[in-house]
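Some notes on the structure that comes next.
The values are calculated or read from the model by the stated rules, or taken from the named source; none is laboratory data. Predicted model only: the values in this text are computed from it and were never measured. Here the Cβ is made from the backbone with ideal geometry for all residues, glycine too, and neighbour counts use every protein chain on show. All accessible areas refer to the heavy atoms of the entire protein, side chains included, with ligands and DNA or RNA removed. Shrake-Rupley method; radii C 1.70, N 1.55, O 1.52, S 1.80 Å.
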Amino acid sequence: MKLINEYKANPKKLILPVLVAALLVLLGLSPNFTKPYATIMLGTIMMYIILSLSWNMFSGATGYVSLATAAFFGVGVYVSAFFGSSLSLPLLMLMGGIFSFVIAFLVGAVTLRLRGVYFTIFTLGIVKLLEQLMLYLEITFNKTRGRFVVSYTFTEVFYWLFILMILVILLSVFIKRTRFGLALKCIAEGEDAAMHIGIGSTMVKILAFAISSFAMGAAGAAMATRWTYIDPYIAFSTNLSFLPVLMVIFGGGRHVFGPLIGAVVFAYIQELLITDFPYVYMLAFGVIMIVSIIFMPNGIVGVIENIVGRIKKAKGGRKNADP
Amino acid sequence: MLTTLINVLSSGLIMGGVYAIISMGLSMQYGVARILNVSHGEFIMLGAFLCFTLVRSHVHPILSMLLCVPVMFVIGFVLHRTIYKKLSDVSGSTAAFESNSMLVSFGLMFVVQNVALLLWGSEQKGYTFLMRSVKILGSPIALNRLLVLVFAVAISFAFYIFLERSRLGKAIRAVSQDPSAARLLGVRRTRVAAICFGIGAILAGCAGALITMINQINTSMGMNYTIIAIIVVVLGGMGSIPGSLLGGFILGFIGTVVNYIDPSLSLVAYYLIIIVLLLVKPSGLMGGKS
Amino acid sequence: MQILNGSGVNKAFGGRKAVDNVDFHVDENEILGLIGPNGAGKTTLFNLISGAIKADSGTITYKGRVISGMKPYRICHMGLARTFQKAKNFPDMTVRENVLMGAVFGKKGTDNAAAERKTDEILSFVGLEDFRDKSPGDIALALQKRVEVARALATSPDVLMLDEVMAGLNPTEVGEAMELISKIRGSGVTIIMIEHVMKAIMSLCDRIIVLHHGQKIEEGTPEHISNSKTVIDVYLGE
């Protein structure tokens, strides 16, 4: 996909965004006419959409594979656990976001000079460090492993997650059209060259990392109020680091729809399988991850684009052959 | 006092030896095949469960460990020849391959772990083996621990000597140091990479088998060993085999000492080590260029 | 007048001195050649000047300001641009987009319209208009290198550092590259070039510095260099 395509106005390309917008409106109104079960499930799906889109905002854009998603999500979870009784839900989310942003900024400032697998290992290390540190602190000072979080109704959590998701979607679309987004693209395509044409790559990366972490922290703060009980293993579950990566790989990271589709598909499969067949679910997870990386480098969206491209070509070919 | 010292020393050597074995495998897989094999720990788990299953069918533990060797090699070799080879065909550059192969190994981690969960369940498993103890310098030490200690140290040094002396070992080192020069010397890179992946799996399997002789095992044990191996490899320098050998023993002793002071802190200590290390000297103790 | 100046610049990699106590200067609007056998430290010196790596000791000043230790993007904003020995074009962008990135980020405060205009000017200046919508991976090596030069030029540099832009080109292409370099100098840009193609170096450069094992062993006009016994020894001894 060429950069140009994203900028050139093409009326046919409007169909999809309009369709998505309609779906989103429907989703936003859904708690009024669906069963609570659906509202809970849709809430979970939105959480995954937020996580995978925000992961894609940094890692997908720059090629720096971060596994720190669970760390920033967990920070948000603990913000709710500590301040849940004194702040309202939107304020908790804001605070979770800000905490994650600040931590990500600091972590990014010292680590983003690491490249490739080193960076990935480091981010996974951060998750495990926070998990173990929290566990140690809880057991040493609190004498228990977990704690209770003030709870909100799942409808309330639903609406706030919905708002956060809309913001993340808009930001994902918008960021690509800014110079900041162009700078990220340059970094992904060749960081050395990017630095030498005047891009302050370190600062750009740190900022993108911190912005994406903001959404992760806010999502964590919201989800904690739905779970009522949390402990370090729940808050910093490494699955929350891996799932967004898989969702983006499966859906395709170059287009906003990719992570969106990936998140919906996997959240749904998870909902179907995880209670009765947890191992089969995780097994499928692994298999799909491997198959996607090898056979669908641009994800489902890439496959669809290819098919559409081929159909167009075939049509064009026929026109040429038949003057 | 002396008993404590001997306890710490022997535990340190056992842990260090096991860590060295698994880390050398991981380090070689990265150095030669350019795969940061995050599923390494799952192969340790697989080796442990293979060995456990054999022991349950009345095969002697040491024989079980030896039987793991060919099985693990075939698994590793075939995996490389199929998945990773295909992946290297579709990856545009080394950097892209490194990133993709790491993600694929994450996928593999879920596959192996959940296949094991389906086969063996999630409970702790174990068997008793040589529980008698002997006295060394007046302090009792269990025979099975002593045996594992001897095996761990022996395997890690034997592997090191294999790399230094044998023809295959030299080819492996040539590829890890300079792939293009190695090609000129007639070393077939992808074949060597596949063999290395198989040998890495053997080392993981042996480590897993050794662990069954002294500890309980469960199907989710892999991840922690993966992380330990990665810490050791970063400590010793990515791709450096002597670095992993040394790093394994260093981390084994650090782990034992921290464990002795406060067991709940040992994982925190590990993660702190890796994080500080990556920040201060990402190329590791014995690594050259970063 | 000196635009760029380095004194006592040192850089070692694991005990091996890549650049060993080198003093150099570049005059405004000259073409300075940097030659020497492989591994002499030429590219390392470029990396030091452009900020890609930090010197162990010594200072580099540009227009009277110390730039050693600065980040590459700041050095670029001050008007020092470079190309890479192995072309580092952005593979998923078109030729035009590659150049546009240089124009957008190279100079602070350029608005989008100005950057677009600048890009088109440069594309025609270097003769790449016909390839503007091609992917850099789909064009000949000589053109790929030209894209690198164009992208660097788009950052509006006063000093342009060219790292072996002629390596791998056939004689016709070398001729075209030489023409382009004189044209760039003609537009008021100072040039430092690393090159192995002697014909180009000797006819283009006003002055040449010879590096060997990280040390500056000779410096002077092309004529002086071609008659220097030290230089001949180094090249024959290779």
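Using the alpha carbons of segment A:3-321, what is the convex hull volume per residue in cubic angstrom, as a whole number?
Dividing the Cα hull volume of segment A:3-321 by its residues yields 157 Å³.
Could you size up the charge dipole of segment A:3-321 around its Cα centre, putting +1 on the beta carbon of Lys and Arg and -1 on that of Asp and Glu, and report it in debye to the nearest 20?
1220 debye
Of all the stretches in chain B, which is the longest one without any exposed loop site, taking trypsin sites (Lys or Arg not before Pro) in a DSSP loop (any state but H, G, I, E, B) with at most 14 other Cβ atoms within 10 Å?
B:1-131
Run down the aspartates and glutamates and flag those whose C-alpha is under 18 Å from the C-alpha of C:K71, throwing out any fewer than 8 positions away in its chain.
A:E191, A:D192, C:D56, C:D158
Take every residue in peptide C:73-83, count the Cβ atoms of other chains within 10 Å of its Cβ, and give the average of those counts.
Taking the mean over all residues of the peptide, I get 3.
Helix A:201-227: angle to the longest alpha-carbon principal axis of chain A, degrees 0 to 90, nearest 10?
Helix A:201-227 and the main axis of chain A meet at about 60 degrees.
Karplus couplings for segment A:19-30 from phi (6.51 cos²θ - 1.76 cosθ + 1.60, θ = phi - 60°), rounded to Hz, Gly and Pro as x?
4, 4, 4, 4, 4, 5, 4, 4, 4, x, 8, 3
Dividing the Cα radius of gyration by the Kirkwood radius, what Rg/Rh value follows for segment C:88-156?
0.94
Filter the cross-link list C:K108/C:K199; C:K108/C:K145; C:K63/C:K199 down to pairs whose alpha-carbon distance in this structure exceeds 28 Å.
Over 28 Å apart, Cα to Cα: C:K108/C:K199; C:K63/C:K199.
If you keep only loop residues by DSSP, which trypsin sites (Lys or Arg not before Pro) in segment A:165-206 have at most 15 other Cβ atoms within 10 Å of their Cβ?
Sparse-neighbourhood loop trypsin sites (Lys or Arg not before Pro): A:R177.
Would you compute, from DSSP H runs of 4+ residues alone, the mean residue ellipticity of chain C at 222 nm, taking -39500 (n - 2.57) per run and dividing by the full residue count, rounded to the nearest 500?
That calculation yields -12000 deg cm²/dmol at 222 nm.
Give A:K313/B:K86; C:K107/C:K183; C:K86/C:K229 a once-over and call out the pairs whose C-alpha atoms are over 25 Å from each other.
Violating the 25 Å limit, Cα to Cα: A:K313/B:K86; C:K86/C:K229.
Would you work out the charge dipole size for the protein assembly as shown about its Cα centre, treating the Cβ of every Lys and Arg as +1 and the Cβ of every Asp and Glu as -1, and quote it to the nearest 20 debye?
So the dipole magnitude of the protein assembly as shown works out to roughly 1180 debye.
Would you mind telling me the share, in percent, of accessible area of the protein assembly as shown contributed by carbon and sulfur at probe 1.4 angstrom?
Carbon-and-sulfur percentage of accessible area, whole number: 64.
Tell me which aspartates and glutamates have Cα within less than 16 Å of B:K170's Cα, excluding those fewer than 8 residues away on the same chain?
Within the straight-line limit of under 16 Å, B:K170 reaches these aspartates and glutamates: B:D178.
Please determine, in degrees from 0 to 90 and to the nearest 10, the orientation of helix A:257-273 with respect to the longest principal axis defined by the Cα atoms of chain A, where the helix direction is its Cα long axis.
Orientation of helix A:257-273: about 50 degrees from the principal axis.
Residues of B:87-100, mean number of Cβ from any other protein chain within 10 Å of their own Cβ, rounded to a whole number?
Partner Cβ neighbours, averaged per residue: 3.
I need the helices of chain B that pass two filters: whole DSSP H segments spanning 18 Å or more by Cα along the axis, and mean Kyte-Doolittle score no lower than 0.0.
The answer, listed by residue number, is B:2-33, B:40-56, B:61-79, B:94-120, B:143-165, B:189-214, B:222-236, B:241-261, B:266-280.
Mind checking segment C:51-81 for trypsin sites (Lys or Arg not before Pro) that DSSP puts in a loop (not H, G, I, E or B) and that have at most 16 other Cβ atoms within 10 Å?
Those that pass, being in a loop and sparsely packed, are C:K54, C:K63.
Mind checking which lysines have their Cα closer than 19 Å to the Cα of A:K315? Skip sequence neighbours fewer than 8 apart in that chain.
Cα-Cα hits under 19 Å: A:K12, A:K13.
Among A:132-143, A:187-198, A:83-94, what's the highest-first ranking by average C-beta atoms within 10 angstrom per residue?
Output ranking for A:132-143, A:187-198, A:83-94: A:187-198, A:83-94, A:132-143.
Mind checking C:84-92 for the average number of partner chain beta-carbons within 10 Å of each residue's beta-carbon?
Mean partner-chain Cβ count within 10 Å for C:84-92: 4.
Give the relative contact order (percent, whole number) for segment C:88-156; include only Cα pairs under 8 Å separated by 6+ residues.
50 percent
Once the Cα atoms of helix C:112-126 and of chain C are each reduced to a long axis, what angle between those two axes, in degrees from 0 to 90 to the nearest 10, is obtained?
Helix C:112-126 and the main axis of chain C meet at about 60 degrees.
Would you work out which of C:G33, C:H77, C:Y62 lies farthest towards the positive end of the dipole of segment C:23-78? Charges go on Cβ: Lys and Arg +1, Asp and Glu -1.
C:H77
Starting from the exponent 0.38 and prefactor 2.2 Å, build the expected Rg for chain B from its residue count and divide its actual Cα Rg by it.
0.98
On alpha-carbon atoms, Rg over Rh for the protein assembly as shown using Kirkwood Rh?
So for the protein assembly as shown, dividing Rg by the Kirkwood Rh gives 1.00.
State the Cα centre-to-centre distance between segment A:50-72 and segment A:180-254 in whole Å.
2 Å
Placing +1 at every Lys and Arg Cβ and -1 at every Asp and Glu Cβ, with all other atoms neutral, what dipole size does segment C:90-184 have around its Cα centre, in debye to the nearest 20?
Result for segment C:90-184 is approximately 260 debye, rounded to the nearest 20.
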